1. Once you average over the residues of A:52-61, how many Cβ atoms of partner chains fall within 10 Å of each Cβ?
2. Between residue B:253 and residue B:156, what FRET efficiency comes out of the Förster formula 1/(1 + (r/R0)^6) with R0 = 35 Å and r the beta carbon distance, rounded to 0.05?
3. Cα gyration tensor of the range B:8-59, axes a ≥ b ≥ c as square roots of the eigenvalues: rounded (a/c below 1.5), prolate (a/b > b/c) or oblate?
4. Can you check what the Kirkwood hydrodynamic radius comes to for the range A:11-87, Cα pairs only, in Å to one decimal?
5. What's the average, rounded to a whole number, of partner chain beta-carbon atoms within 10 Å of each residue's beta-carbon in A:127-138?
6. Quick one: length gained pulling residue B:199 to residue B:31 fully straight, 0.36 nm per residue minus the C-alpha distance?
7. R0 = 56 Å: FRET efficiency of residue A:168 with residue B:145, Cβ-based, nearest 0.05?
8. Can you give me the long-range amide H partners of residue B:146? Hydrogens built in the peptide plane at 1.01 Å from N, cutoff under 5 Å, separation of 5 or more residues or another chain.
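Every number in this text was worked out from the coordinates using simple rules, so none of it is lab data. All of these numbers come straight from a predicted model, not from anything done at the bench. Note that we place each Cβ from the backbone using ideal geometry, even for glycine, and neighbour counts take in every protein chain shown.
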Amino acid sequence: MPLPPGTDPPLPQPDLLAALPRLRRYARVLTGDVTRADDLVQDTLARAWEKRRLWAAGTDLRAWLFTVMHNVFVNQRALARHERHQVSLDSEEEGGEAWRIPVRSMQYTRMELIELTQHVGRLPVDQREVLLLAVVEEMRYEDIASTLAIPVGTVMSRLSRAREKLRAAFADGPGTPSSLKIVK
Amino acid sequence: MNPLPITDTDVSAYVDGQLPAARLSSFEEALANDAALAARVTQLRQHNAMLHDAFDPWLAEPLPDRLIAAASAPEGPAASASAPKRAPRWMLPTAAAAATLVVGIGIGWFGRDALLQRDGTPTTFARQAALTHALYASDVNRPVEIWAAEEKRLVNWLSKRLGFAVRAPDLNTLGFALVGGRLVAGNEMPAALFVYENADKQRMTLQVRRQAHPGGETAFRYAFEDGVGVYYWIEDNCSYALSGNLDRAQLLAIGRVVYGQLAAPEAAPAR
């Protein structure tokens, strides 16, 4: 159905561009693959333009784009499930292309970060995305709940479970070298 | 009244700074008396810091062209059918081209300014500078309209379009060579953008524009917007913004050189 004129102002493009790096990051955490992540971002942008009247101008565009991306991803995954198209995030030695870790990190060693991202990659996608949104994007739990259309209690329990799994994975602490395979 | 027992959810909320105020004091009391709880908090904070370290650098990666293009309004029957009816008269001639990047940005800036005005955000210029930097500095093949090989033509053209004499500071001593420049949309008037690059292919941009409303001078101010550091200042009714994915100290050092060169016009090579 064509939209009536006047109800679909353009999305603010500078804000869209500014949101792109974060959309790509979210997409990588969801898909675990650089190329598929960018495909997902592209599909998300197309969907966002198509559905732009659903964005309330003046509200947080980034959060709305996360919602759109989450929905596009969930729909695509439902289709792909037919083909048992499973995402493997921890197959490669360094966690695959998506989990490239920059050589220069601020505080932790490259090995520690690789280990961490592998643990993150093994989390169920539901927990992984909540962890990203809460910890890395630093979103309020209430905003995550509305972004993912789940109750706040679910956000918090997924986050707790994700953290508990990370803790268990780093059984003897992330800072202790004994848990790491040091490769020369 | 006995406080409620501390749950995993409380610990999570505490390290995320999202524990409700009503729970905060009883949590902190428990924290002071429970070494195991304190260790758990420390560990979660460490995980938080590691997650940032692991995932934040992705934000600085250059954007692929196809995604930049996808951020523009799509061409199509729906867009072209409704856009002209809604567009103000002055915009009509460009409506057909609304899907192209440059025009799209122009329209976007207007929407953005309305937002900024309403929200009263004071960092308009720094934010714009960061966005402009992110957009053009990441463009490997065409970051500029006129390349440094034609610096004189570039400077003359920009000076003419801006209505005052601009020049590109010489940052070769700092390892940054001029790549070129372009005209970019500002709030109310256009701005000049100079792009520099070092041997590591790191890019830095300097944006210069006349202030729409003459106002005082400012000290160097720093802003960090979406992964881009920006030093900006106002002098002689011109606003300057130096943007780059460089560390703050490095950016400041470059800013001082730029400032020094621009503040000493008599020292500029005669053109």
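1. Whole-number average of other-chain Cβ neighbours for A:52-61 is 1.
2. Approximately 0.75, to the nearest 0.05.
3. Values: a/c = 3.83, a/b = 1.86, b/c = 2.06.
Oblate, because a/c is 1.5 or more while a/b does not exceed b/c.
4. 12.7
5. Taking all residues of A:127-138 together, the mean is 3.
6. Length gained, residue B:199 through residue B:31: 55.4 nm.
7. 0.50
8. B:181
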